[in-house]
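Taking it in order: structure first as structure tokens, then the write-up.
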Amino acid sequence: MKIICIGRNYSEHAKELGNEVPENPVIFIKPDTAVLKKDSDFYIPEFSQDVHYELEVVAKISKGGKYIQKENANKHYDEIGLGIDFTARDLQSELKAKGLPWELAKGFDGSAVVTDFFNKSDYDLSSLNFSLTKNGEKVQTGNTRDMIFDIDSIIAFASQYFTLRVGDLIFTGTPKGVGKVEENDILEGFLEDKKLLSLRIQ
């Protein structure tokens, strides 16, 4: 199982980090060891002083494929959920300044929080609300209509480079409002009005 992540997929988030809005999906990979064990707390890694939360809609691949056309992409996933792409922002900035890959800042153990998954047919994927609170205060709100690249486009693009396999996860990008976590923070994630995620930071 691999985790395909999309960066800069909401224009306002790209702007808040000083990045250009991309012409094609910006892709990076997290290893399967990045998935945080269910019902576990998230522990801030010792190598970072500035870990940020990034709430995202996640699609789970249900049918493998290569060179998938956009018009057929919806046949390759049946379920969606939420995820948090934890990012060691200080380390990422250091790596980017040196022109180096981001994996150390993005793919460390526990950096991918994933909720349970639900049938996509229960939702309007073209206008899906999701949000994150930190200690009861809403810090991120997003809607899939604001994606630069929708889920089908992401699947079609990624499959030109990577064979998609059943169980692969696609993190579809985060809206603006990302921020730092501290010990004892409580993060809660909502899909529409349903709470899917509650996570303590250690």
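The values are calculated or read from the model by the stated rules, or taken from the named source; none is laboratory data. None of these values were measured; they are calculated from a predicted model. Cβ sites come from the backbone with ideal geometry, for glycine too, and all protein chains shown count toward neighbours. Note: accessible area is taken over every heavy atom of the protein model, side chains too, but ligands, DNA and RNA are not part of it. Shrake-Rupley method; radii C 1.70, N 1.55, O 1.52, S 1.80 Å.
Only one of the numbered conditions (1) within 28 Å of residue 198 (Cβ to Cβ); (2) not in a helix (DSSP H, G or I) is not met by residue 121, and that is (2).
Listed by first and then second residue, the pairs with beta-carbon distance under 7 Å, at least 6 apart or on different chains, first residue in the range 77-102 and open to solvent by 20 Å² or more (accessible area, probe 1.4 Å), second assigned to a strand (DSSP E or B) and of a type in the set (Phe, Trp, Tyr), are 79/118; 102/28.
Taking first residues from the range 29-41 that are closer than 18 Å to residue 102 by Cβ and among the small types (Gly, Ala, Ser) and partners that are part of a helix (DSSP H, G or I) and modelled with pLDDT of 95 or more, the Cβ contacts under 9 Å between residues at least 6 apart in sequence or on separate chains come to 34/106. Scanning the range 160-181 for residues that are on the phi > 0 side of the Ramachandran plot and either free of Cβ contacts under 8 Å to residues at least 12 places away in the same chain or surrounded by 20 or more Cβ atoms within 10 Å (Cβ to Cβ) (or both) yields 173, 177. Summed over the range 51-76, the residues that are among the hydrophobic types (A, V, I, L, M, F, W, C) and either over 14 Å from residue 170 (Cα atoms) or free of Cβ contacts under 8 Å to residues at least 40 places away in the same chain (or both) give a count of 2. Cβ-Cβ contacts under 8 Å between residues 6 or more apart (or on different chains), taken from a first residue in the range 182-196 that is among the β-branched types (Val, Ile, Thr) to a second residue that is open to solvent by 40 Å² or more (accessible area, probe 1.4 Å), are listed as 186/134; 186/135; 186/136; 186/198; 186/200. Residue count for the range 134-159 satisfying the condition of being buried (at least 17 other Cβ atoms within 10 Å of the Cβ), in a helix (DSSP H, G or I) and either of a type in the set (A, V, I, L, M) or free of Cβ contacts under 8 Å to residues at least 60 places away in the same chain (or both): 5. In the range 166-183, is there at least one residue being touching a Ser or Thr at 6+ places or on another chain (Cβ under 9 Å), under 20 Å from residue 40 (Cα atoms) and assigned to a strand (DSSP E or B)? No, every residue in the range 166-183 fails to be touching a Ser or Thr at 6+ places or on another chain (Cβ under 9 Å), under 20 Å from residue 40 (Cα atoms) and assigned to a strand (DSSP E or B).
Residues of the range 103-132 that are among the small types (Gly, Ala, Ser) and either on the phi < 0 side of the Ramachandran plot or without any contact (Cβ under 8 Å) to a residue 12 or more places away in the chain (or both): 105, 107, 111, 112, 121, 126, 127, 131.
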